[in-house]
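S.K.: Here it is, the structure, as structure tokens.
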Amino acid sequence: MYQLAAPVTSELEIKKSRFLGFLFPVHSRPQAMQHLQALRAAHPGAVHVCWALVCTGDSGLDDDGEPSGTAAKPMYNVLVHKDVTNILAVVVRYWGGIKLGAGGLTRAYGQTISDAFRDAQLIAVEVMQELQITVAYAAEAQVRHWLEKFQAEVLDVQYDSQTRMTVRLREKQVDTLCEALTTSLKGQVTLRRIPE
């Protein structure tokens, strides 16, 4: 999974219609809507301002008057194919007087966003997972050894009848860490993902 490092643009002209492509890194739908509002204000003569948003927990699409499925969906497909998240793709279209047909529109919108990716710098995103580990007080040093080996961040430690640690590590390493802890502590450990 990747994120966009900085905004990028592209431009495509097909049969006198101009397609201006924009990619923005975003972290929320309201932030994406601010970019969209600014583009609409900057391009009052545009006939369509179509967009696709892939954002954690709040994605969306809008063909803005183009035939259904011919604008936002091909843009969204490019975003999915590029494996990006927290990104807003917008295409501003200026009408050139010649109809492109559904296939032509689909290709134009998808191509405009694909072209924008040529100049895009993508940053790898690591999905993190929190884990609660409960062990006997005497086993804490052994647990900390494994946490260090997996570069897990200790977020909280509570001591009562046992030691309860809350840690964060790369999601793709959770199963391997759990297996290592269970084996080395001979099953004398309780592991719980947060949230479950």
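S.K.: Only one of (1) in contact (Cβ under 8 Å) with a residue 60 or more places away in the chain; (2) open to solvent by less than 30 Å² (accessible area, probe 1.4 Å) fails for VAL143. Which number is that?
M.R.: (1)
S.K.: For region 1-42: of the residues being small (Gly, Ala, Ser), in a strand (DSSP E or B) and modelled with pLDDT of 95 or more, which is most open to solvent (accessible area, probe 1.4 Å)?
M.R.: SER10
S.K.: Do any helices (runs of 4 or more DSSP H) lying entirely in region 57-172 carry at least 3 residues that are among the polar types (S, T, N, Q) and touching a helix residue (DSSP H, G or I) at 6+ places or on another chain (Cβ under 6 Å), and which ones are they?
M.R.: On the way: elements: 72-81, 101-117, 140-149.
Once the helices (runs of 4 or more DSSP H) in region 57-172 are filtered for at least 3 residues that are among the polar types (S, T, N, Q) and touching a helix residue (DSSP H, G or I) at 6+ places or on another chain (Cβ under 6 Å), nothing remains.
S.K.: THR166: among the β-branched types (Val, Ile, Thr), closer than 19 Å to ILE194 by Cα and open to solvent by less than 80 Å² (accessible area, probe 1.4 Å), yes or no? Lay out the reasoning, then the answer.
M.R.: On the way: among the β-branched types (Val, Ile, Thr): yes; closer than 19 Å to ILE194 by Cα: yes; open to solvent by less than 80 Å² (accessible area, probe 1.4 Å): yes.
So THR166 fits the description; yes.
S.K.: In this structure, does ALA138 turn out to be free of Cβ contacts under 8 Å to residues at least 12 places away in the same chain, farther than 30 Å from SER17 by Cβ and not β-branched (Val, Ile, Thr)? Working first, answer last.
M.R.: On the way: free of Cβ contacts under 8 Å to residues at least 12 places away in the same chain: yes; farther than 30 Å from SER17 by Cβ: yes; not β-branched (Val, Ile, Thr): yes.
Yes.
S.K.: Continuing with this model, one more query. Taking the condition of being touching a strand residue (DSSP E or B) at 6+ places or on another chain (Cβ under 7 Å) and surrounded by fewer than 18 Cβ atoms within 10 Å (Cβ to Cβ), how many residues in region 116-126 meet it?
M.R.: Adding up the residues that qualify gives 6.
S.K.: Given (1) over 23 Å from HIS81 (Cα atoms); (2) in contact with a helix residue (DSSP H, G or I) (Cβ under 6 Å, 6 or more places away or on another chain), identify the lone condition not met by LYS16.
M.R.: Looking at each condition in turn, LYS16 falls short on (2).
S.K.: Also: When you go through (1) over 19 Å from LEU100 (Cα atoms); (2) touching a Lys or Arg at 6+ places or on another chain (Cβ under 7 Å) one by one for ALA46, which number turns out not to apply?
M.R.: (1)
S.K.: I would also like to ask the following. Within region 173-196, which residues are open to solvent by 60 Å² or more (accessible area, probe 1.4 Å), free of Cβ contacts under 8 Å to residues at least 60 places away in the same chain and in a strand (DSSP E or B)?
M.R.: THR190
The values are calculated or read from the model by the stated rules, or taken from the named source; none is laboratory data. Keep in mind it's a predicted model, so treat the numbers as computed, not measured. Don't worry about glycine lacking a Cβ; one is built from the backbone with ideal geometry, like all the others, and counts go over all protein chains shown. With ligands, DNA and RNA removed, areas are computed over all heavy atoms of the protein, side chains included. Shrake-Rupley method; radii C 1.70, N 1.55, O 1.52, S 1.80 Å.
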